[in-house]
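See structure below.
The values are calculated or read from the model by the stated rules, or taken from the named source; none is laboratory data. Quantities reported herein were computed from a predicted structural model and do not represent experimental measurements. Heads up, the Cβs are rebuilt from the backbone with ideal geometry, glycines too, and the neighbour counts pull from every protein chain shown.
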């Protein structure tokens, strides 16, 4: 019996005659690749070129079908842009890779294996991809894999948003924000600008912004976007909102209409640190116990917070503060009058601080105190002092610089019937109203040295808030410097110039690290004075024991030293 042998079956390619393993097409791989060109299949878009639509003005790409209104921004050579391009290839996108009859050409399906970007000039309006695809032939159960270059053309197509800007239907809703305030400043409008700059979502919905008298006009594409903006506005500022509509056009056949919506937003014309008169004739305006008094505006948010400028020494928190809702303000708008604004603030130095109730626990917002102050312009010129009861007792110390309203020298308009027309009989106009602390202790000594004009003064952002972290160190250094200056004056009797020279010299030693704390400075000053006295007395005793001209000359030299 003959032995069985395994032999492979081969055949010749029907086109080139190469020996191959038998297949249904009876062709080798090279002949199959040349017979079925996948480049033409993938670059065919129903008889035309492949393209993606892009808005020429906003540079956004169209998503979805040809009539889609969705446009999005995509970065060059990004994953989002590649996904959009691949979905635009009919041979891959339609029927999950099954090629239709128009693009058949002997291929039943195309499967994407890999894709990569090919760099093109930005101004060429072309996008190129290098694809690795696997195609299954319809005539035989054979798959071929090829690398194909696919080119897309960027087609300009204006998006709906840009199209509206070139017609009379640019916007559907407008929000008119106004702050009708007499005099100088619109600080609430500035706060609104800052809030909008920090909110990306709010800026995204605004189509256009126009500057107008006393405010801004904000344009929106939809009523819902304008309504949400008014809610955002009412959360940060006390606002009165009115909504009106205007019919532009209507179509009775299709039952449609073009309506313009207008939101009028009036901001309460009160700002932080304003000096406000609460008329005694007002009722139900949220004034509470402050009706008929002069008040200071301490906070403006969704509501307005005010505090009395001349409280009694035994008053409690609910007696000198009040929270005014925005609805209550607009009902009694005519009974609120701004007497002075923050631009009229004057600098004062704190001379003395005496808490009205030292046993009272430390308050977060305020603590009443009797304060004696002097104008910064009067320092070293005269001895005119002003006293008042202020709510900043928990913040002020002797030597601090504060900002306040000088009601003695300010030119304010008095009502025709006198102050009794707006104030209650028990109210006494204060000489000064302190608003906020500007500089910590040592301010007066800083003015002495002539440094106040040459460098910026650190100011607090919050009027009644705590100090900044960096100011605590400056305060202690200035306090030590002032105490050392006083000690030197007491010990050696030097005048202003001598004390200034001594202080300047010790500052240099302190920066070099020779004087670390206040104790060492005092010891150094005292030791220096004692050493000078001992040397002088010693030289005098020696001079008395020496006769003649030599003793007289020695005594004169010692006295001069």
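Observations on the model:
- Selection from the range 424-440 of residues that are surrounded by fewer than 21 Cβ atoms within 10 Å (Cβ to Cβ), in contact (Cβ under 8 Å) with a residue 40 or more places away in the chain and out of contact with any strand residue (DSSP E or B) (no Cβ under 6 Å at 6 or more places or on another chain): 424, 428, 429
- Counted residues, the range 42-57 - those being touching a helix residue (DSSP H, G or I) at 6+ places or on another chain (Cβ under 9 Å) and either in a helix (DSSP H, G or I) or at pLDDT 85 or above (or both): 6
- The requirement of being in contact with a strand residue (DSSP E or B) (Cβ under 8 Å, 6 or more places away or on another chain) and surrounded by fewer than 15 Cβ atoms within 10 Å (Cβ to Cβ) is satisfied by residue 312.
- So residue 174, is it closer than 23 Å to residue 260 by Cα and in contact with a strand residue (DSSP E or B) (Cβ under 6 Å, 6 or more places away or on another chain): yes
- For the range 80-120, filtered to residues that are closer than 14 Å to residue 137 by Cβ and assigned to a loop (DSSP other than H, G, I, E, B), the residue that is modelled with the highest pLDDT is 106.
- Search result, residues across the range 237-253 that are more than 21 Å from residue 164 (Cα to Cα) and surrounded by fewer than 18 Cβ atoms within 10 Å (Cβ to Cβ): 240, 241, 242, 243, 244, 252, 253
- Taken over the range 374-396, the criterion of being in a loop (DSSP other than H, G, I, E, B) and surrounded by 13 or more Cβ atoms within 10 Å (Cβ to Cβ) is satisfied by 379, 385, 391, 393, 394, 395, 396.
- Within the range 5-41, the set of residues being surrounded by fewer than 16 Cβ atoms within 10 Å (Cβ to Cβ), modelled with pLDDT of 80 or more, in a helix (DSSP H, G or I) and more than 60 Å from the chain's Cα centre (by Cα) is empty.
- Residue check, residue 225 at pLDDT 90 or above and surrounded by 19 or more Cβ atoms within 10 Å (Cβ to Cβ): yes
- So residue 213, is it more than 30 Å from residue 115 (Cα to Cα), touching a strand residue (DSSP E or B) at 6+ places or on another chain (Cβ under 9 Å) and surrounded by fewer than 17 Cβ atoms within 10 Å (Cβ to Cβ): yes
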